[in-house]
Amino acid sequence: MPNPILHVHANYTFIEGEFDPDIIDKATRFRKSGYRHSTAYKNRAWDGYTRLFSKAKSAFPTGLKDRVVKFYKKQYPNIKFEVIDYRDFKPKKQIPKIEDVPLQGVTLRSHQVKAGNAMLRKKHGVLWAATNSGKTEVAVGVIKAIDEPTLFLVKGKDLVVQTYERFKRRLGGEDVGIIMSNKWDVRKFTIASADTLARRFKPHRMSDAALERKQQVEALLTSIKVVVIDECHTLASDGLFSIVRYCTAPYRFGLSGTPFKRGDKQDLKLIALTGEVCYKVTNKEMIEDGVSVPTDIAFIDIDKPKLPIGIDYQTAYDEGIVHNIYRNKSICEAALKYNNLNKQTLIIVKKIDHGHILSDLLVSSGKFIPHTFIHGSLPTEERAEALDNFKNGITKILIASSILDQGVDIPNIDVLIFASGGNSYIRAIQRVGRGLRLHDSKDKLIVVDFSDRTNKYLAKHSLERIRTYSLERCFSVAIFNTVGELVSVHN
């Protein structure tokens, strides 16, 4: 069999010549969580696989090129692919090293310089870096070094504004633009709401105005030379995936502290559009380098009420976590304890009802405890004011929903209380990362979590969180029983 040819473009790679399509298919397919429950799968009309390789076009997303070549060579060791690369990269001599790129108001640390130069050298891929590692600063340096039209994709309107302001501080305001639902200001370096672009790219109704907006997005996606996806583990969402797949930028980067831990086997969608990991910075490195604070995680045992056997997960969550009086009182007792020690305490909840319950409990404690509950339904200005009050120490206790999971910078957190439960690796590590930043006299971060033994689902999730923290190999994890006695320590 003659050697096949790979024609590599920014978004897709096409295969020419004789090749085994089934091998390529196996290298580029995956099964989503829950595929077994699909009617098509049950009726045997579908094998459960989501495929990223088009046999009709002999094409697959370029980010999978290295994976395809490795997979193929395992089956056919004597095959050597001929590669023709059409991507429009700048010559290396025109791109400075990241340490030679001037950024206003910041000097990159050594781990940031190493990460940035790795990105420049490889031209694509994922920066897998701990939450406190300064991924955005690295990305700004990389973007400035390449110095080509850039689209920086961000999810969530609060984070879009925060990122836009940071880019302006580092690069000056003249070259930095912003795209949101009510604003379209494209410049050399544009910060864009991924949700806004997704809605305009795939409108629900194709009116003349919607068609014009769609064409506007298409023109943007085919004109830029660099695309960066912040918190790229969200790339599996169909809207964001479609945007980046259409984009023709040769330089393609993802930023995340947890890119390949989704748990639903959709990691290939991320690799497909950005490529593999190009550099990794761990929490352990950050703590050892003195960039992040040491972290103590305490699990408080919750063994009541005993929930009925056989209930579904949602009922178990509502009764064992959201409306569990015993557990909620333990949360508030912990918050009051650290409030008395003058600590800034952030309580994370999943459901808005849970936040209101905890807020009411703090009010009914008989003491005046200044606190605020923020969630996505509140106006942006109100959330921003609450965050500012917490950062300035005016409010000592902040209850927040998952809106703080990604990118919001609160360096003065002393104590994190995870009231939300759950088994997501991504959320657990992101939430710890919220409090790892150095701040004034802060010498460590205290995390309070709960060992929920009231139901098999909740217990399993608690064990998975313990395992998640332990695998970081830099957190001290202690488990306490119902009377506060130390049961075990995991370092």
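The values are calculated or read from the model by the stated rules, or taken from the named source; none is laboratory data. What you see is a predicted model, and the numbers here were worked out from it, not measured in a lab. Positions of Cβ are generated from backbone atoms using ideal geometry, with glycine treated the same way; all protein chains shown enter the neighbour counts. Just so you know, the surface numbers come from the protein's heavy atoms only, side chains and all, with ligands and any DNA or RNA stripped out. Shrake-Rupley method; radii C 1.70, N 1.55, O 1.52, S 1.80 Å.
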Given axes a ≥ b ≥ c from the Cα gyration tensor, I'd like to know whether the stretch 224-337 is rounded (a/c under 1.5), prolate (a/b larger than b/c) or oblate.
oblate
For Ser364 and Ser377, calculate 0.36 nm times their separation in residues minus their Cα-Cα distance, and state this gained length in nm to one decimal.
2.3 nm
Reported label for calculated mean projected area of the Cα convex hull in nm² given (i) 22.9; (ii) 30.7; (iii) 26.5:
(iii)
Pop the C-beta distance of Tyr49 and Ile394 into the FRET formula with R0 = 51 Å and round what comes out to the nearest 0.05.
0.45
Could you compute how much accessible surface Cys332 exposes when probed at 1.4 Å, giving the result in Å² to the nearest 10?
10
Heavy atoms only, 1.4 Å probe, whole protein assembly: order Tyr86, Tyr251, Tyr49 by accessible area, highest first.
Tyr86, Tyr49, Tyr251
Give the shape of the stretch 337-488 as rounded, prolate or oblate, defined through the alpha-carbon gyration tensor: a ≥ b ≥ c are the square roots of its eigenvalues, a/c under 1.5 means rounded, and otherwise the shape is prolate if a/b is larger than b/c and oblate if not.
rounded
Counting only protein heavy atoms and leaving out ligands, DNA and RNA, the solvent-accessible surface of Trp46 at a 1.4 Å probe, in Å² to the nearest 10, equals 90
In nanometres, the difference between 0.36 nm per residue of separation and the alpha-carbon distance of Ala478 and Thr39 is 153.6 nm
Full extension from Ala56 to Ser223: what is 0.36 nm times the residue separation minus their Cα-Cα distance, to one decimal in nm?
57.4 nm
Can you tell me, using C-alpha contacts under 8 Å and at least 6 residues apart, the relative contact order of the stretch 352-398 as a whole percent?
37
Mean separation of Cα pairs under 8 Å and 6+ residues apart, divided by the residue count of the stretch 152-260: what relative contact order is that in percent?
25
Out of all DSSP beta bridges with both ends in the chain, state the antiparallel percent to the nearest 5.
25
Determine by what factor the alpha-carbon radius of gyration of the stretch 46-150 differs from 2.2 N^0.38 Å, reporting the quotient.
1.41
Name the aspartates and glutamates eligible as straight-distance cross-link partners of Lys114: C-alpha to C-alpha under 15 Å, and not fewer than 8 places from it in the same chain.
Glu99, Asp100, Glu137, Glu285, Asp289
When the helix-only estimate is applied to the chain (DSSP H runs of n ≥ 4, each -39,500 (n - 2.57), divided by the residue count), what is the mean residue ellipticity at 222 nm, nearest 500 deg cm²/dmol?
-10500 deg cm²/dmol
Could you order His461, His354, His9, His204 by accessible surface area, starting with the largest, using a probe radius of 1.4 Å?
His204, His9, His461, His354
Once both labels are modelled 7 Å past Cα along the beta-carbon direction, what's the Lys97-Ile403 spacing in nm?
4.4
Taking Cα atoms, the helix 352-363 axis meets the longest principal axis of the chain at an angle in degrees (rounded to 10) of 30
What residues of the stretch 180-196 lie in the reach of a label at Asp208, counting those whose backbone N is under 20 Å from a point 7 Å from the Cα along Cα→Cβ?
none
For the chain, averaging the sequence separation of alpha carbon pairs under 8 Å that lie six or more residues apart and dividing by its residue count, the contact order in percent is 15
With every protein chain present, what accessible area does Ser364 have (1.4 Å probe, heavy atoms only), rounded to the nearest 10 Å²?
80
What pairs from Lys55/Lys92; Lys70/Lys214; Lys57/Lys123; Lys90/Lys135; Lys122/Lys284; Lys26/Lys122 go past 29 Å between their alpha carbons?
Lys55/Lys92; Lys70/Lys214
Between Ile311 and Glu288, what is the FRET efficiency for a Förster distance of 45 Å, r being their Cβ-Cβ separation, to the nearest 0.05?
0.50
Around Glu285, what is the net charge, scoring Lys/Arg as +1 and Asp/Glu as -1 over all other residues with Cβ under 12 Å from its Cβ?
+2
Quick check: the angle from helix 65-75's long axis to the longest principal axis of the chain, C-alpha only, nearest 10 degrees?
80
